[in-house]
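Any read-out appearing in this document is the output of simple, stated calculations on the displayed coordinates, not a laboratory observation. The structure presented is a predicted model; accordingly, all values stated were derived computationally and were not measured. Backbone-built Cβ (ideal geometry, glycine too); neighbour counts: all protein chains shown.
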């Protein structure tokens, strides 16, 4: 495999990690926003507490995957990076607003004790930003496939097709689905949160159905607005799409039977299928009609150095990451 | 506002905001290693209380540093697309390494902040090491990338694309002088801020052991590092004189190239007459500093065109703020050392008396270190103008041509100012003095071993 393709694989894997891990965090924010509505109104504060506790130790590490995607893109494909960033100026800037407000609101609520704004305000900001960011990132990703992006075009171009807007919506619904599935398992672990299992199970099933519906509505627009990528999608990505659909239905069945750990796996696999399918269909283009990966790549010697750094870095980071996950799934020791 | 101006304002603003908080991400873990280590060794409840408090403060500052850092990585593309398209691959390795360092920091930060109940005390203390080391490595990688923009060494071309030899980057003396100067600045800012907070508390009458220990850790960090910083600053100036002579000329407002160049303290540079107004000249000073001889030749701004001249008035002012604040802290350190030595000889305790004078001196070290650090950055960045990569690419050519940047500047400033105000309110609330269970130890200098209280996970 060439260094160019290797870097593409690294970027896609990091993007998948971001979608699954930070995606679940963002979805947690969405459920925080909706906790006070519907039948589960009484348990709203319990839900928010569970969401907050499950985010605490991991959200910052999960968030780094995005930085990693950005850094790898500009290091490995510098020629395309500037064009991608400027033509996606508006959605990316709004995603950034979401990222900044979300992170700040989370720590201000956790540590602020209402010193600046009342906790509920930070809660709302945190929750709204959690919906804004995946929406904007979904729009950005889909806009890359349309082939309509050029530097110097209107900043509104990324929003001007139903396909990109629906992709943003899909990103929001999928993160909500991941979060609900994730929280089902978390809630089942402790007796004092057990009453939330039913709530999040209902939410997970609802979000799964909603994701499927959005995908169905999106498909015709996909062919209309991003024909190049859409045709490759039905051609070479078909196995991945089928796998994703299968795992989506599988998730529903598994959730129904209350096998929550397995549900996490099938939910993640469904998302990997969709995103992986898109990545395969997008290949070899970065910005359709303007740059292929090969055209945008950095000098070979820079890429080689990057690949070496990647191997060495991952050898340190991945075990640490699993250690983090292991510590926070193990039973609690006495506080000291 | 032109696109370049907007891009420059937004970058300057978001970079300063990020640096101001990121320095705590570098400094706090090293201080925590000390305080938590002392607690593990002595079981002293005051050390425990300090550690818990600083961990909370560190968590908030770290999160703000992290999100504002994310903004910067996007801004490279949003504001400087041409720079990234040309040199992104060349400095990419440094940013990739930095991403890994940051990753490690975030992972262990999660373990440290939320691991009080889940790790043994010793394992918990050990998680600080990866945080402190990767925070320091982050400084190293990022500042090396900046120093490469100032002194682009090891540039090559391969298959029509610009490359930078990664090994050559790490051999550049500009890199090492900048990195060490910045790391010590980060430690001094952290120490100064801590000293200022506890000195404020003591001025308000909270003269317990908890405050004394907090003050000591902060004060000794900032005062102890000042002499090191003076040496590193002197080294940096020498490196700048060889790699970027015009930057050095701007720092000192030197127009005429020649020997016997004076060192000017204070004053303003007049861009039209090329003269320093109201400055105090030290005869032959600059020549002596750079070459240890009055006959050392100093390159002046007359060697270049107006278009290639950095904004001298701004750079000189920034340089004087840095040196002025640095000297202030250095003077306090000198006086503190003298007092400490005299009182030690007389057997007096505490070695530095907690008088109003000394507490105010401690408070001063906080803002002075921060102003010096930001002034130093303005010297680095302003003195490089009009280049984004020195001698190779102009800032004006690197910027985005987008028309929407004006809005982006306004929104960035509004959000950041809002977040900074909220943060200050929160930090003020966190500065509530010693926890109540320590109140009994008030006034004694003996450690009071109290069994640590169980607290909330987030406490």
Quiz item: Under 19 Å from a point 7 Å along the Cα-to-Cβ line of residue A:252: which residues of region A:171-189 have their amide N that close?
Solution: A:171, A:173-182
Quiz item: Which FRET efficiency value, to the nearest 0.05, is calculated for residue A:330 and residue B:313 with the Förster distance at 56 angstrom and r the Cβ-Cβ distance?
Solution: 0.40
Quiz item: What's the exposure ranking of A:2, B:257, going from fewest to most Cβ atoms within 10 Å?
Solution: A:2, B:257
Practice problem: Go ahead and estimate [θ] at 222 nm for chain B from helices alone: -39,500 (n - 2.57) per DSSP H run with n ≥ 4, summed, over the residue count, rounded to 500. | Solution: -24000 deg cm²/dmol
Exercise. Please tell me the relative contact order of region B:57-151 in percent, rounded to the nearest whole number, where contacts are Cα pairs under 8 Å and at least six residues apart.
Key: 32
Quiz item: log₁₀ I(q)/I(0) of chain B at q = 0.07, 0.08, 0.13 Å⁻¹, via Debye over equal Cα point scatterers, no solvent, to two decimals?
Solution: -0.40, -0.52, -1.25
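Over chain B, what is the relative contact order in whole percent, taking alpha-carbon pairs under 8 Å and six or more residues apart?
This gives 22 percent for chain B.
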Self-check item: C-alpha long axis of helix A:238-256 to longest principal axis of chain A, angle in °
Solution: 0
Self-check item: Rounded to 10°, Cα long-axis angle of helix A:260-282 versus longest principal axis of chain A
Solution: 20
Exercise. Using only Cα atoms, find the angle between the long axis of helix B:312-345 and the longest principal axis of chain B, and express it within 0 to 90 degrees, rounded to the nearest 10.
Key: 30
Quiz item: What length, rounded to one decimal in nm, is gained on full extension from residue B:355 through to residue B:417, with 0.36 nm per residue of separation minus their alpha-carbon distance?
Solution: 18.8 nm
Quiz item: According to a simple spin-label model (label point 7 Å from Cα along Cα-to-Cβ), what is the distance in nm between residue A:113 and residue B:339?
Solution: 3.1
Exercise. Determine, at each q value in 0.13, 0.22, 0.23 (inverse angstroms), the log₁₀ of I(q)/I(0) that the Debye formula gives when each Cα of region A:267-336 is one equal point scatterer.
Key: -0.72, -1.05, -1.05
Quiz item: For chain A, what is the mean residue ellipticity at 222 nm derived from helices alone (per DSSP H run of n ≥ 4: -39500 (n - 2.57); sum divided by total residues; nearest 500 deg cm²/dmol)?
Solution: -26500 deg cm²/dmol
Quiz item: Across chain A, how large is the tail of the calculated P(r) beyond 29 Å, expressed as a percent of all Cα pairs?
Solution: 40
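Just rank A:72, B:189, fewest to most, by other beta-carbon atoms within 10 angstrom.
Result, fewest neighbours first: A:72, B:189.
With 39 Å as the cut-off, how large is the P(r) tail for the protein assembly as shown, expressed as percent of Cα-Cα pairs?
In whole percent, the long-distance tail amounts to 41.
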Exercise. Please work out, to two decimal places, the log10 of the ratio I(q)/I(0) at q = 0.14, 0.22 Å⁻¹ from a Debye calculation in which every Cα of region A:229-285 carries one identical scatterer.
Key: -0.39, -0.72
Practice problem: Name the residue, out of A:108, A:323, A:185, whose mean-square fluctuation peaks in a Gaussian network model built on chain A with Cα pairs under 10 Å. | Solution: A:323
Quiz prompt | Expected-Rg normalisation [2.2 N^0.38 Å, Cα atoms] applied to region A:166-287 | solution = 1.15
Quiz prompt | Exposure proxy order (Cβ contacts within 10 Å, fewest to most) of B:105, B:178 | solution = B:178, B:105
